[in-house]
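Colleague: Quick one: the structure is below, and I'll ask about it shortly.
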Amino acid sequence: VAGEDGLRKEEISENSVVHGGIPIDNTLGNGYRPEKMDWERRRRVKIMWYMVVPQLGNITTMASIPILLLILLVGSLYSVEVNGGGGGGTVELVSTVAEQRVFDYFALALQWPPTYCSKSTKCCSQSACCRGANSPSVFTIHGLWPDYNDGSWPSCCSGSAFDEVEISTLFGALEQYWPTLSCSKSSTCHGKKGLFWAHEVEKHGTCASSVTGEEYNYFLTTINLYFTYNVTEVLFEAGYVPSNSEKYPAGGISSAIENAFHTTPQLICLNGALEEVRLCFNKDFTVRECVAKSDCPDYVSLPEFASLELNGGTTTADRSFSYHESS
Ligand code: U2P
């Protein structure tokens, strides 16, 4: 059967639907409980002996030796593995340290493409701003971010580098609901330029994996949340529809979302236009308040889409987005 968004949508179980061919778990949201993961997952940090041994030359008093021995003893308590020998004649002491401070909550950041795209003056093949008539006309995903209650967040935690093969079955949904809007390629955590998806999963997904699981599950969890908390539908139904002439009270937009989802969103604006709506969740995906406050003026616009042009006139309206083009 056709879904409201025109995509194929068929019931496959009580709690699951297929959106655009992607099975989406509708149990996410208030009832969703991810598998308990190992919170104390640890990362290995290599301490090379050749970094430690030169320091011995600086130790001039016999009194320092017990201190050094104590340091080595404490270090060995943390050690899980000692790789001796090695071709280079160095002995490698491998110790473990806590991977990251345990994060407190998630922020689901959704962006309004017309506002985001208004920042850009140039077009490129990977940018969904340049899809002409097919450019996104709904809030799209920016990211699912683990956050701390003090307003900061972890980033670029240990984990595998982005592998597009892992999420190939999600491409349809990702291109539509998590499109790349920027032409300037994001920097990834590995000092390279890469896809928007690579940037988000490497910067944020690696720090969320204790709850979401790794890459594929990070994307799937995020898409599920996005469908469960349909901000576009809530705002359009409340009369907050795209317009280049209307201004809407930011408080009204906030209240519409609060009435629907029982949490106050964080609104982010750019030059008086709504750019992002962020919803916050506990780690069991029940809603909660965000820590950061909205930065919008009292009245905001929700601009209509103005398509950008690719290379002086040719829009990408009839070009299908290829993730390979930006890699
Ligand atoms: O808000 C500007 C950028 O800061 C990063 N951010 C913000 C809030 C938050 O809770 N977590 C977080 O990571 C985002 O960086 P990005 O993912 O775009 O690299 C956000 O865009």
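Only the coordinates and a few stated rules stand behind these numbers; no lab work does. Computed from a prediction, not measured in an experiment: that's the story for all the values here. Methodologically, a virtual Cβ is constructed for each residue, glycine included, from the backbone with ideal geometry; neighbour enumeration extends over all protein chains shown.
Colleague: With +1 on each Lys and Arg Cβ and -1 on each Asp and Glu Cβ, and nothing else charged, work out how big the dipole of the stretch 115-246 is about its Cα centre, in Debye to the nearest 20.
Modeller: Working: 7 positive and 13 negative charges, 124 e Å.
About 600 debye.
Colleague: In terms of modelled amide H atoms, which long-range or inter-chain residues lie less than 5 Å from the amide H of HIS142?
Modeller: Residues meeting the criterion, in which the H sits 1.01 Å from N, are ALA109, LEU110, GLN111.
Colleague: Sorted by packing (mean other beta-carbon atoms within 10 Å per residue), highest first, where do 215-222, 226-233 land? The partial results should precede the final answer.
Modeller: Details: 215-222: 22.9, 226-233: 19.9.
Ranked by mean Cβ neighbours within 10 Å, highest first: 215-222, 226-233.
Colleague: Taking H as built 1.01 Å from N, whose amide H comes closer than 5 Å to the amide H of THR180, not counting residues under 5 places away?
Modeller: Residues meeting the amide H criterion: ALA128.
Colleague: May I ask you to derive the relative contact order of the stretch 190-291, considering only C-alpha pairs under 8 Å and at least 6 residues apart, and to give it as an integer percent? Walk me through the intermediate numbers first.
Modeller: On the way: 79 pairs, mean separation 14.1, N = 102.
That works out to 14 percent.
Colleague: At 0.36 nm per residue, minus the direct Cα-Cα distance, what do PHE171 and ALA133 gain on full extension? Give it in nm, one decimal, please.
Modeller: Working: separation 38, 0.36 × 38 = 13.68 nm, distance 2.00 nm.
Residue separation times 0.36 nm, minus the Cα-Cα distance, leaves 11.7 nm.
Colleague: Let me ask another. Cα atoms only: what Rg and Dmax, in Å, come out for the stretch 100-317?
Modeller: Values for the stretch 100-317 (Cα only, Rg and Dmax): 17.0, 49 Å.
Colleague: Another question about this same structure. Can you sort SER125, SER294, SER184 by how many other beta carbons sit within 10 Å, fewest first? List each step's numbers first, then the result.
Modeller: Working: SER125 16, SER294 21, SER184 10.
With the fewest neighbours first, SER125, SER294, SER184 line up as SER184, SER125, SER294.
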